[in-house]
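The values are calculated or read from the model by the stated rules, or taken from the named source; none is laboratory data. Since this is a predicted model, take the numbers as computed values, not measurements. For neighbour counting, all protein chains shown are included, and Cβ atoms are generated from backbone atoms with ideal geometry for every residue, glycine included.
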Amino acid sequence: MPQDDTHLELCPAARDYLGRRRYGPLIDGVETGAGSTDLIETFNPSTGDSLGHIVAGTAEDIDAAVRAARTAFEGPWSEWSPYQRQAMLMRLYDHIDQNYEELAQIESTDMGMPITRTRGTKDFILRTIQFFASQALNIKGETLQNGLAGNVASMTVKAPVGVIGGIIPWNGPLGSQWWVLGAVLATGCTVVLKPAEDACLSILRTVEMLHEAGLPNGVVNVVTGRGSVAGDALARHPGVDRIAFTGSTVTGRKIIEASAVNIKKLQLELGGKSPDIIFADADLDKAVPGAALAVFNNSGQICYAGTRVLVERSIAKEFAERVAAFVKTLRIGYGMDENANLGPVISEAQIARVMSYIEIGGKEGAKLVCGGSRLGGDFANGYFVEPTVFSEVSNDMTIAREEIFGPVMSIIPFDSAEEAIRIGNSTEYGLGGAVWTSNISAAMKVVNGIHTGVMWVNFYGQVDPLVGFGGTKMSGYGAKGTSAHLDTYLYTKSVYINII
């Protein structure tokens, strides 16, 4: 497959930001941690070069951020009218729109996502901000009849829950943060964000931009640091009313346990092992690249990646050959390479994890069709794994059951729609899935039979906040998008009025 070690020069704004080399928590509109000696080195995953250090936030930093968020919430912010909150969101829309290239370049440098993909995320981010701006005017209760004696009127009203803890993953934080930020700003809540230590720079710069656009201090705060320290402190803090978490199922369990301190409300998007089902009558000219990119986009570092590719047995061999041929057309390159389709994985630890699963796949009897190696040469210092395809995989193999979070496809044959549904559901996860077929009846049979939070038919991976998505089973709970998402940032108050 083509490889390219060229890269785009940073724009002046991104170069200036990345030139700081030290990044601390943003609390009440001010960067803190200047005197901290507990620092975490952060790396460019494309090159292995150091990008500097982030401050390892402490429980005390979390406490300061929560207090700032509580003060802002109890101040004028939560009393802003819906029109004021909508106007603020649209002001942020304009500011992000005008400065997006800087954010995209920071993201691609910090986490390795190819710049073409980070640029492509712009439309999703702006649509998400627009969605939440519209929802700011759609918060409403009800006037209800009741059976009480006398002249008693009754109604319900919706009110912001308070301080939110937002724990954001490293696999695309620039876009992921807006599921939390948008809901916070639309409802009048406040938030403390805890980004992943592996990739947090785009979030820090975004929050700086929010303040540049006029967002009041304390409404959005960020504490950098380790999940085991800052993340745990945020989940346990009694001053936090709700946690929104995206990450692994293992960490999600810990969040649930920690949040029991004050019975916090939770929204969890956790792991996935999503089935992508290809019937023999599918248009393979579309299904082959569609299924391949459902795995290899972002180097497999997507929670709902379609890594279990279930293929009708009569075309399984042809499908594997065509996927291998398609993989050869993909260009691997640095995050800042405008010609790259695939970038690195996030870290040395992640590449070790991916390579261990590739080894296990071979030992358990899966057939390696292509890939399987770490890239050397010009990419030796970065964290690059070849896009890897295994065929003749059975669903009891480790690579078919455990989330790898890397560019590894498992092709599993099936003989009937019923078998495909059974295999598709034979996992603890329930985040995403897809079906490719020219038969709409067969498609709907699979859609109705697979237990996942989202299904795609004849394409994969695109979402819109108007429709939303979420997980079921061990992939979490709580919607992202739709008015149901906003409702989780509100609580319902019942009001009875004795008219005398």
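Residues in region 126-160 that are surrounded by 21 or more Cβ atoms within 10 Å (Cβ to Cβ) and among the β-branched types (Val, Ile, Thr): THR128, ILE129. For region 271-281, the criterion of being among the charged types (D, E, K, R), buried (at least 24 other Cβ atoms within 10 Å of the Cβ) and in contact with a helix residue (DSSP H, G or I) (Cβ under 6 Å, 6 or more places away or on another chain) is met by at least one residue.
What strands (runs of 3 or more DSSP E) completely inside region 148-266 contain at least 1 residues that are out of contact with any helix residue (DSSP H, G or I) (no Cβ under 8 Å at 6 or more places or on another chain) and not charged (D, E, K, R)? Explain how you work it out, then say what you get.
Numbers: elements: 152-160, 163-168, 190-195, 220-222, 242-246.
Fully inside region 148-266 and qualifying: 152-160.
Within region 1-17, residues that are under 13 Å from PRO114 (Cβ atoms) and surrounded by 12 or more Cβ atoms within 10 Å (Cβ to Cβ) sit with their Cβ atoms under 9 Å from residues that are at pLDDT 95 or above and among the acidic types (Asp, Glu), at 6+ positions apart or across chains, in these pairs: ASP4/ASP337; THR6/ASP337; THR6/GLU338; HIS7/ASP337; HIS7/GLU338; LEU8/ASP337; LEU8/GLU338.
Could you pull out the residue among LEU193, LEU266, LEU201 that is under 28 Å from THR427 (Cα atoms) and in the same structural domain as ALA72 (by TED's automatic domain parsing)? Steps first, answer last, please.
Numbers: LEU193 fails: under 28 Å from THR427 (Cα atoms); LEU201 fails: under 28 Å from THR427 (Cα atoms).
Of the residues listed, the single one that is under 28 Å from THR427 (Cα atoms) and in the same structural domain as ALA72 (by TED's automatic domain parsing) is LEU266.
If you go through region 419-471 and keep only what is of a type outside the set (A, V, I, L, M), buried (at least 20 other Cβ atoms within 10 Å of the Cβ), touching a helix residue (DSSP H, G or I) at 6+ places or on another chain (Cβ under 6 Å) and not in a loop (DSSP other than H, G, I, E, B), you end up with just TRP436.
With the structure loaded, tell me whether GLU312 is surrounded by fewer than 24 Cβ atoms within 10 Å (Cβ to Cβ), in contact with an Asp or Glu (Cβ under 9 Å, 6 or more places away or on another chain), modelled with pLDDT of 95 or more and not hydrophobic (A, V, I, L, M, F, W, C) or whether it fails that test. Criteria met by GLU312.
Take region 28-57 and flag every residue that is of a type in the set (Gly, Ala, Ser), in contact with a strand residue (DSSP E or B) (Cβ under 7 Å, 6 or more places away or on another chain) and closer than 26 Å to VAL219 by Cα. Walk me through how you get there before you give the answer.
As a first pass, look at region 28-57 and keep what is of a type in the set (Gly, Ala, Ser): 29, 33-36, 46, 48, 50, 52, 56-57.
Next, from what is left, pick out any that are in contact with a strand residue (DSSP E or B) (Cβ under 7 Å, 6 or more places away or on another chain): 33, 36, 50, 52, 56.
The answer is GLY33, SER36, ALA56.
I'd like the residue in region 307-331 that is in contact with a Phe, Trp or Tyr (Cβ under 6 Å, 6 or more places away or on another chain) and not charged (D, E, K, R) and, out of all such residues, is nearest to PHE279 (Cα to Cα).
So the first thing to find is which residues in region 307-331 are in contact with a Phe, Trp or Tyr (Cβ under 6 Å, 6 or more places away or on another chain), and the list is 310-312.
After this cut, where a residue has to be not charged (D, E, K, R) as well, the list is 310-311.
Numbers: LEU310: 8, VAL311: 6 Å.
Restricting to residues being in contact with a Phe, Trp or Tyr (Cβ under 6 Å, 6 or more places away or on another chain) and not charged (D, E, K, R), the top hit is VAL311.
Just one of the listed residues (PRO387, PRO413) is at pLDDT 95 or above, surrounded by 20 or more Cβ atoms within 10 Å (Cβ to Cβ), assigned by TED's automatic domain parsing to the domain that holds LEU310 and over 23 Å from CYS303 (Cβ atoms), namely PRO413.
Out of the residues in region 357-415 that are of a type in the set (Lys, Arg) and not in a helix (DSSP H, G or I), which is farthest from the chain's Cα centre (by Cα)?
Checked region 357-415; the qualifying residue farthest from the chain's Cα centre (by Cα) is LYS367.
If you scan region 125-157, which residues turn out to be within 27 Å of GLU102 (Cβ to Cβ) and free of Cβ contacts under 8 Å to residues at least 60 places away in the same chain? Outline the logic, then answer.
Taking region 125-157 and keeping what is within 27 Å of GLU102 (Cβ to Cβ), we get 125-134, 136.
Across region 125-157, the qualifying residues are ILE125, LEU126, ILE129, GLN130, ALA133, SER134, ALA136.
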